[in-house]
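The values are calculated or read from the model by the stated rules, or taken from the named source; none is laboratory data. Keep in mind that this is a model prediction, so the values were computed, not measured. In this analysis, Cβ positions are derived from the backbone assuming ideal geometry, glycine residues included, and neighbour counts consider all displayed protein chains.
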Ligand SMILES: NC(=O)c1ccc[n+]([C@@H]2O[C@H](COP(=O)([O-])OP(=O)(O)OC[C@H]3O[C@@H](n4cnc5c(N)ncnc54)[C@H](OP(=O)(O)O)[C@@H]3O)[C@@H](O)[C@H]2O)c1
């Protein structure tokens, strides 16, 4: 079968299309014909082997997984002897944390996959798992968001950002989204109540006070977010510049002690139950993936390059459908 592979950590040139053995499912696994994948920042970091610490888990000398792991949507081709939850023909999606899925066929444990949203294509379904789970866990678990609360989403235009706006709206929050002018349409489509441009001083002067702030992209010191939190408010750092992540982890707990506020960092967990919640939200019209472009599997290098350029206005998808 056809698969994307890379033997060394490095740049896009390392990605190639190879012919490898079609996998055979074990008793508790399912064999999936992969129809689409989406690219996340994690794919880029795993290709580059950066930060170096991740090599402890993903291969010291080179990638343990020669085929990229991550988001996919596909159709069950066959099931292992003990699998009763799925049958051939079922359409499923998930984030794979261990098996390579940027390929024609993949095997995963049956308990790690869920039925894909009925109302979405494979391309749109593949755009959801990692970014959607991150958004859901940031709002529900780390942010403890309640209906009627106000939330500021800083860096609201990417995959995580747009799902965060949509899920926060579904949870009944008043949402202020900060992103660049060129990305306003994504925040608008996601139904943010207020949209501000981080490049305009006038816009940043309009920032108010919020019950919850999510730092997803960009960089601001913790004191900037502290200034905009209501009494008892919570700041959750999800991503962005390395300084933003480091400050939240190292200074956040101490700053919390002196201010009565909470400063946290999120490490999203791959949880099929959450993927199922996201599928239901999509089928209820509460979650709409925003797709920038679809590349065929053979053009995987171009797809990664386009994602890495930062020019994409929505998710970058790889399609395996002829
Ligand atoms: N904690 C976790 O478990 C976890 C999980 C998933 C992802 N992440 C992290 O979350 C971040 C976002 O991931 P993603 O998948 O949403 O990425 P993405 O889809 O690639 O989003 C990138 C967006 O960031 C915006 N951006 C760039 N510079 C910015 C700035 N200075 N200020 C504000 N926004 C800026 C850009 O839009 P504009 O046009 O608006 O600039 C761009 O569209 C990444 O750092 C990723 O590593 C963390």
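In the stretch 19-27 there is no residue matching the filter, namely being under 22 Å from the mean Cα position of the chain (by Cα) and assigned to a loop (DSSP other than H, G, I, E, B).
Residue 224 fulfils the conditions (1) within 9 Å of the ligand (Cβ to nearest atom); (2) surrounded by fewer than 21 Cβ atoms within 10 Å (Cβ to Cβ) except for a single criterion, (1). Selection of the stretch 138-163 for residues being more than 18 Å from residue 241 (Cβ to Cβ) and within 11 Å of the ligand (Cβ to nearest atom) yields 142, 162, 163.
Using beta carbons and a limit of 6 Å, which pairs, at least six apart or on different chains, have the first residue in the stretch 244-271 and free of Cβ contacts under 8 Å to residues at least 40 places away in the same chain and the second one within 12 Å of the ligand (Cβ to nearest atom) and assigned to a loop (DSSP other than H, G, I, E, B)? Matching pairs, first to second residue: 244/219. Contact map, the stretch 35-59: residues that are at positive phi paired with residues that are at pLDDT 95 or above and away from the ligand (no atom under 14 Å from the Cβ), Cβ distance under 7 Å, separation 6+ or inter-chain. Pairs shown: 49/9; 49/55. Is it true that residue 117 is touching a helix residue (DSSP H, G or I) at 6+ places or on another chain (Cβ under 9 Å), at pLDDT 95 or above and not assigned by TED's automatic domain parsing to the domain that holds residue 177? Yes; evaluated as a whole, the condition is true for this residue. The residue list 135, 168 contains one member that is within 12 Å of the ligand (Cβ to nearest atom), under 26 Å from residue 73 (Cα atoms), part of a helix (DSSP H, G or I) and in contact with a helix residue (DSSP H, G or I) (Cβ under 9 Å, 6 or more places away or on another chain), which is 135. When 57, 86 are checked against the criterion of being touching a strand residue (DSSP E or B) at 6+ places or on another chain (Cβ under 6 Å) and either outside any loop (DSSP other than H, G, I, E, B) or at pLDDT 95 or above (or both), 86 stands alone in meeting it.
For the residues 235, 198, the requirement of being near the ligand (Cβ under 8 Å from one of its atoms), over 18 Å from the mean Cα position of the chain (by Cα) and at negative phi singles out 198. The set of residues from the stretch 23-42 being in contact with a helix residue (DSSP H, G or I) (Cβ under 7 Å, 6 or more places away or on another chain) and within 16 Å of the ligand (Cβ to nearest atom) comprises 37, 38, 39, 40, 42.
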